[in-house]
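Heads up, the thing below is written out as structure tokens.
The values are calculated or read from the model by the stated rules, or taken from the named source; none is laboratory data. Predicted model only: the values in this text are computed from it and were never measured. Every residue, glycine as well, gets a Cβ built from its backbone with ideal geometry; the counts of neighbours run over all protein chains shown. All accessible areas refer to the heavy atoms of the entire protein, side chains included, with ligands and DNA or RNA removed. Shrake-Rupley method; radii C 1.70, N 1.55, O 1.52, S 1.80 Å.
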Amino acid sequence: DNSELYSETLAAAVRLQHAVLPDRMPVVDGWEIAAHYSPSGRTEVGGDFYDAIPLDDGRLAFFVGDVMGRGVTAAAAMAQMRSAVRAYVALDPTPDVVIRRLDRMLLQYGGDQLVTLVYLLADPGRDELVVANAGHPPPVLLRASGEAEQLPTATGTPLGVLRQDRLTRTVRLRPGDTVLAFT
């Protein structure tokens, strides 16, 4: 019975996670966007989430986050966080605004799970990448020249832990640059 219950719970968590994560990345002129998800651990399901959102003005918002935990609970919390980020991006994609709203949401309505997030807004018209990081492993910028540059490290705590001002960093993009964000 325990084995059957475990298998059913795992199958539900896997279905939930696959239903929420994007099937494929959007096709955006001038961009190559790719994602690879490879879960680790016994349950094969964690709270990792990501997305790329083309904006009407030609900019591209993308994010990678992680909800602490595994299984159905983490998959459900991950689904809520990904939806919340998408909703806040639709209102105003400015990185500090999105992060501030997520902090406020988690402080007010809480939850007992830690959530980290790195949020990036690329503007090809200005050759800029604006990065905000809330406790997540920092992305890496691979320059076309072969140089690698670690983008801002986690500034402060995970989302919703403390009221704080988070720093954003603006980086100049050059043709052929690659940004790697991971969890």
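Here are some notes:
- Verdict on residue 135 being modelled with pLDDT under 90 and either open to solvent by less than 30 Å² (accessible area, probe 1.4 Å) or among the charged types (D, E, K, R) (or both): yes
- Residue-level check: of (1) surrounded by 15 or more Cβ atoms within 10 Å (Cβ to Cβ); (2) polar (S, T, N, Q); (3) without any contact (Cβ under 8 Å) to a residue 40 or more places away in the chain, residue 145 misses just (1).
- Within region 165-175, the set of residues being open to solvent by less than 60 Å² (accessible area, probe 1.4 Å) and over 17 Å from the mean Cα position of the chain (by Cα) comprises 171, 173.
- Residue match in region 86-94 (condition: at pLDDT below 75, open to solvent by less than 50 Å² (accessible area, probe 1.4 Å) and either acidic (Asp, Glu) or not in a loop (DSSP other than H, G, I, E, B) (or both)): no
- From the list 58, 65, 69, the lone residue that is at positive phi and assigned to a strand (DSSP E or B) is 69.
- Region 107-155, subset within 17 Å of residue 170 (Cα to Cα) and of a type in the set (Ser, Thr, Tyr), residue nearest to the chain's Cα centre (by Cα): 119
- Of all the numbered requirements in (1) basic (Lys, Arg); (2) farther than 21 Å from residue 33 by Cα; (3) within 16 Å of the chain's Cα centre (by Cα), residue 104 misses one, and that requirement is (3).
- Within region 98-125, the set of residues being open to solvent by 20 Å² or more (accessible area, probe 1.4 Å), part of a helix (DSSP H, G or I) and either polar (S, T, N, Q) or under 21 Å from residue 151 (Cα atoms) (or both) comprises 100, 108.
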